Amino acid sequence: MRLSKVGDKVDPKVFTTIKQCRLRCAEFSQDAMEALNSAFSDFGFVIEIKKNAVIDKPIQILNFKTISTALYPKFIVIADKFSKFSLVELHVSEFSKGVVDSWQNTNFEMVISEGSQCDLIRLQDESLVATHVGINRIYLDKNSRLETLSVSAGSKLGRNELSIHLIGEGAEAQVNGMTISGGSQHLDNKTLID
């Protein structure tokens with residue numbers, strides 16, 4: 001596994017792979033929130049998982065906020081052929097039920113190559129005065145498999161957008177989710193499987 005910061009010198013194959021996947025989609029369009037993230041992205045990571053790698057422990061991405069701010073993180077995961085891994089994406093504030101007022105627009109893009117398997121868990125439990133937009137775009141190649149669970153519990157206004165593109169024959173995805181809200185919270189989920 002190789003980890004690079006967005007903005008560091010990243011292997012150009014990473015971006016070529018993403019571009020090729022986008023071209024294989026029946027319909028690809030970047031929405032306004034993705035464009036906003038691309039314009040203002042201030043940090044993030046590129047994770048490359050090597051061919052035939054089996055990673056036993058979950059890879060964790062923890063986005064933990066302690067101050068009121070605007071954040072635009074970008075995460076890219078490229079899983080090479082026949083790899084197997086789990087990824088946990090956590091978005092929390094120091095006081096999940098407190099007053100950390102933040103705006104977050106997260107962009108997460110993943111390519112699961114031929115024969116690879118990924119279990120993805122996404123938890124959003126931000127402060128109840130925060131705004132959170134999470135965009136996950138996942139491409140599954142031939143005979144690859146994705147199982148995902150998304151849980152939204154925090155933020156005053158939250159949106160989880162999951163786009164899964166089955167670009168290879170035999171690719172499959174199992175999508176699960178749960179929203180826990182109360183009071184004046186507005187949490188929504190938008191799911192596309194193409």
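The table for this structure:
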read-out: Criterion: part of a loop (DSSP other than H, G, I, E, B), of a type outside the set (A, V, I, L, M) and either surrounded by 20 or more Cβ atoms within 10 Å (Cβ to Cβ) or at pLDDT 95 or above (or both) - qualifying residue of G134, G115, G98; value: G115
read-out: Conditions (1) among the acidic types (D, E); (2) crowded, with 16+ Cβ neighbours inside 10 Å; (3) over 20 Å from S102 (Cβ atoms); number of the one not met by E161; value: (3)
read-out: Counted residues, the stretch 169-182 - those being in contact (Cβ under 8 Å) with a residue 12 or more places away in the chain, surrounded by fewer than 18 Cβ atoms within 10 Å (Cβ to Cβ) and small (G, A, S); value: 3
read-out: Contacts under 6 angstrom Cβ, first residue in the stretch 37-53 being open to solvent by 10 Å² or more (accessible area, probe 1.4 Å), partner part of a loop (DSSP other than H, G, I, E, B) and acidic (D, E), 6 or more apart; value: K50/D80; K51/D80
read-out: So V92, is it under 15 Å from the mean Cα position of the chain (by Cα), within 23 Å of F64 (Cα to Cα) and either surrounded by fewer than 18 Cβ atoms within 10 Å (Cβ to Cβ) or of a type in the set (V, I, T) (or both); value: yes
read-out: Residue that is modelled with the lowest pLDDT [pool: residues in the stretch 1-53 that are more than 18 Å from V77 (Cβ to Cβ) and assigned to a helix (DSSP H, G or I)]; value: L23
read-out: Cβ-Cβ under 6 Å pairs, at least 6 apart or on other chains, the stretch 71-91 side over 16 Å from V133 (Cβ atoms) and in contact (Cβ under 8 Å) with a residue 40 or more places away in the chain, far side of a type in the set (D, E, K, R) and assigned to a strand (DSSP E or B); value: I76/E109; I78/E48
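The values are calculated or read from the model by the stated rules, or taken from the named source; none is laboratory data. Please read all numbers here as calculations on a predicted model, not as lab measurements. Methodologically, a virtual Cβ is constructed for each residue, glycine included, from the backbone with ideal geometry; neighbour enumeration extends over all protein chains shown. Accessible surface areas use protein heavy atoms only, side chains included; no ligands, DNA or RNA. Shrake-Rupley method; radii C 1.70, N 1.55, O 1.52, S 1.80 Å.
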